[in-house]
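Each remark here refers to the structure printed beneath this line.
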Amino acid sequence: MALRSRAHLVVLVAGMVAAGVATLLVAVEVSAITLDETLYKQSAVHYTTGLPDTLLHDLTARGTARLYSLLIAPFFAAFDGDVAVRWARGFTALLYAAAAIPAYLLARQVTRSPWAAVVAALGTISAPWLTLGTAMFTEALSLLLFAWTLVAMVHALQRPAWWRDALVLIGLIALLCTRVQLAALVPAWVIVVVVWELRAARERGLNGWDLGYGVRRAVRRHPLTLACAALGVAALLALLASGTLHDRFAAAFGRYSEIQDRETLPTDAGLAVAVEVLAFSVGVGLVPAILAVGWLGVALGGRLGRRAFDLALLGAILLGVLFAVTMLAQNGYLGPNTEERYYIFVLPLLWIGAVAAWEDRRVGRGWFAAGAGGLVLLAATVDVGAVQLDANRFFLAPASAGVAHLSGRVLGRLQELLGLGFVAGRRDLLMYAALLAGALTLALVRARGLRWALAGLALAVQLTLTVYAFQGTRGVLAAVDGDRVVPAVSFAELGWIDRATPGDPSVSWLDNQLRIPAFAEQQRTNLFHNDEIASLTKVPEQLLSPVVSPLDALPVVIVPAGDGIPPVAPGWYVGLRDSPLLQLGGRVVAAGHEDRFELRRVTARDRVSWIARSMADDGIVSLQRPARMLGRTGSTATLTLAAPTAPPTSVIVEAGERRRVVRLGPGDRSITVRLCSARGRGSSWRPGARGAPPPRPSRLAYARRSRGHPEPAGSGCPRERLA
């Protein structure tokens, strides 16, 4: 009998474990990365040493959002970068699944049956946004902490005590240290307390307001919240008076601090809200969204009891403030770059409202009809699938990405096979799906034997969309143009630097890449999967544009070159192979993915073997800025010169006192030159010559060192020849 009474808990735990393990198995396969992942990973590496100083002084962290990186830091202290990434992603998957426990406890506040609470909890964690558990995103931890904080808030409102008030504040602080966005919950909680006590004052005063009673009651029930609110207001006033409020706000909240500089509200905020409402409705299978709207309307009317009213009002205030601040921070609709992950905090309350409506016959069909009608209207007017389908969309916006992908692959076949001429595009398809979902809801929700069949159908649709999103993150879905969404890459290849330098976190990234998108992405990829890259080596005389984030947050080693060859220190260096900008001597230890980058062991006898001056960081040589190259005395280098336009271009190659004009046509030309010492004039090249066609910029595709031994300065240097 006892086992039967706890059967729902067994199902809850089993479902939670199944969701966590399934997500973990996908997480350890994912090779795609996003910018946010690189930032959280780099912070985690930063925290492996020097705590607490490194935690307080982190150039990579976004404001106060450091708790997640601190939790995954032990993985990067114990393993190579690529292995640690997989451990961290697996841990994130389990964090996301663990949100089922507080979601269940919340649902028990308003559901009659524990089985209904189990459905709400498992529905919360099995939506398509479970893909966030396959990446190193803070949302998994944020959702878990948000649900637990809601549980603490409910108990603090229903059975007030100073220690329950303290638990709420601890939860809010943890959320603030997880995502800067969640700072909005702090004033939202104060608003909740004020609203609750004003209600008590109104009820006490009967025909008026007994504000004195309300104040005394608030101080007794929520002493720590009110004390912290008073201290916060005093601190804000002090900063405002000192003129430092703007800077302090920016330092604490990062990108979200931009809202203090906005002079107007975003005009397309309504569109942004509509897109997110439709995306989450589609993601949960449409029917739960219709039911949740009905439950929310009746619960706020007070017809479902005090607990339902409290939870509905608490959720409405918290999510209303949070999402309003989020919309303001992102400045309205993001278009094809929309990110649903900002709004996943609606999932627990959405599913709780849905199962509560399934159970309670006091929720009339009129509310369901209103929800269904609104959903149909949104589907007919808003294009939820208007996203840029790339490798990251199934992490950031899985519902929108799924709609976009399905519309490109499935809609045409449906029209062809079934003759659906009245379905012109994905808007029509979604509109008819919303109509069908509304009809099923109205027809079945009151039938005692079919209510749970409707719940099972909604869960089945949601799980199908979730599996589809998982396929997108794994890269096994073909894009509309026939390419894979996410290419499969060997993790052993990605972690090539750490595997070649075991236990030696002193590798320096050599700033010698051309500033083109392909190499910018390689910077992030190599840094992300290798945590032994500890510094950035730069030659300031080359005047290159900054490296990409988070590589720019590494400690910088400046190697001044002056007029000669820069004296780099002995050690490990990783840089672009055959770089036209800067190359080192020493032994090549390992080559990276696609053989573009190489790891070199530079000893005290090695020097820079090649450096180009006055060259643009995209490899373009212009008439106004002739490029000059220096290298070890007597060594040779092969230059591959390419004219970026079809008409012929002339290039002047000067080596010491000798000079030659080389004509470049549509194809590339190779030139072998003898490099001079730093004391000589060196070698240089520039486009244009007397009697030649009009000068055009020329690109240096790559420069490769010769394998020959250096020769004395008097043995033919300078010399040049056409290869």
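The values are calculated or read from the model by the stated rules, or taken from the named source; none is laboratory data. Since this is a predicted model, take the numbers as computed values, not measurements. Cβ coordinates were reconstructed from backbone atoms using ideal geometry, including for glycine residues, and neighbour counts include every protein chain displayed.
A few comments on the model shown:
- The one condition in (1) at pLDDT 90 or above; (2) surrounded by fewer than 24 Cβ atoms within 10 Å (Cβ to Cβ) that His46 fails to fulfil: (2)
- Residue match in the range 419-426 (condition: modelled with pLDDT under 80, within 23 Å of Gly270 (Cβ to Cβ), out of contact with any Phe, Trp or Tyr (no Cβ under 9 Å at 6 or more places or on another chain) and not in a helix (DSSP H, G or I)): yes
- Screening the candidates Arg164, Arg112 for the property of being outside any loop (DSSP other than H, G, I, E, B), surrounded by fewer than 23 Cβ atoms within 10 Å (Cβ to Cβ) and basic (Lys, Arg) yields one hit, Arg164.
- Test result for Leu172, assigned by TED's automatic domain parsing to the domain that holds Trp87, farther than 26 Å from Val85 by Cβ and touching a residue at least 12 places away in the same chain (Cβ under 8 Å): yes
- In the range 52-83, the residues that are over 21 Å from Val180 (Cβ atoms) and assigned to a loop (DSSP other than H, G, I, E, B): Phe79, Asp80
- Filtering Ala201, Ala250, Ala227 for residues that are at pLDDT 80 or above and either surrounded by fewer than 13 Cβ atoms within 10 Å (Cβ to Cβ) or assigned to a helix (DSSP H, G or I) (or both) leaves a single hit, Ala227.
- Total residues in the range 501-534 satisfying the condition of being touching a strand residue (DSSP E or B) at 6+ places or on another chain (Cβ under 9 Å), part of a loop (DSSP other than H, G, I, E, B) and within 23 Å of Ile611 (Cα to Cα): the figure is 4.
- Test result for Val547, of a type in the set (A, V, I, L, M, F, W, C), crowded, with 21+ Cβ neighbours inside 10 Å and not in a strand (DSSP E or B): yes
- Residue that is surrounded by the fewest Cβ atoms within 10 Å (Cβ to Cβ) [pool: residues in the range 115-148 that are part of a loop (DSSP other than H, G, I, E, B) and among the hydroxyl-bearing types (Ser, Thr, Tyr)]: Ser126
- Count of residues meeting criterion [surrounded by 24 or more Cβ atoms within 10 Å (Cβ to Cβ) and either within 16 Å of Ala274 (Cα to Cα) or at pLDDT below 75 (or both)] in the range 378-405: 8
- Looking across Arg362, Arg341, one residue alone is assigned to a helix (DSSP H, G or I) and among the basic types (Lys, Arg). It is Arg341.
- Among the residues of the range 83-103, the ones that are within 23 Å of Ile497 (Cβ to Cβ) and among the aliphatic types (A, V, I, L, M) come to 4 in all.
- Among the strands (runs of 3 or more DSSP E) confined to the range 578-644, the ones with at least 2 residues that are within 22 Å of Arg663 (Cβ to Cβ) and modelled with pLDDT of 65 or more are located at 627-631, 636-642.
- Residues of the range 82-104 satisfying the condition of being within 16 Å of His529 (Cβ to Cβ) and aliphatic (A, V, I, L, M): Val83, Ala84, Val85, Ala88
- Qualifying positions in the range 23-51 - over 27 Å from Phe470 (Cα atoms), out of contact with any Ser or Thr (no Cβ under 8 Å at 6 or more places or on another chain) and assigned to a helix (DSSP H, G or I): Val45
- One residue stands out in the range 171-198 among those that are surrounded by fewer than 18 Cβ atoms within 10 Å (Cβ to Cβ) and modelled with pLDDT under 90: the one that is farthest from Phe249 (Cα to Cα), namely Leu198.
- Filter result for Thr54 (without any contact (Cβ under 8 Å) to a residue 40 or more places away in the chain and of a type in the set (Val, Ile, Thr)): yes
- All positions within the range 521-544 that are charged (D, E, K, R), surrounded by fewer than 23 Cβ atoms within 10 Å (Cβ to Cβ) and in contact (Cβ under 8 Å) with a residue 60 or more places away in the chain: Arg524, Glu532, Glu541
- The listed residue being part of a helix (DSSP H, G or I), over 18 Å from the mean Cα position of the chain (by Cα) and not acidic (Asp, Glu), out of Gly20, Gly90: Gly20
- Only a single criterion out of (1) without any contact (Cβ under 8 Å) to a residue 60 or more places away in the chain; (2) more than 17 Å from the chain's Cα centre (by Cα); (3) closer than 30 Å to Val118 by Cα is not satisfied by Ala98, namely (1).
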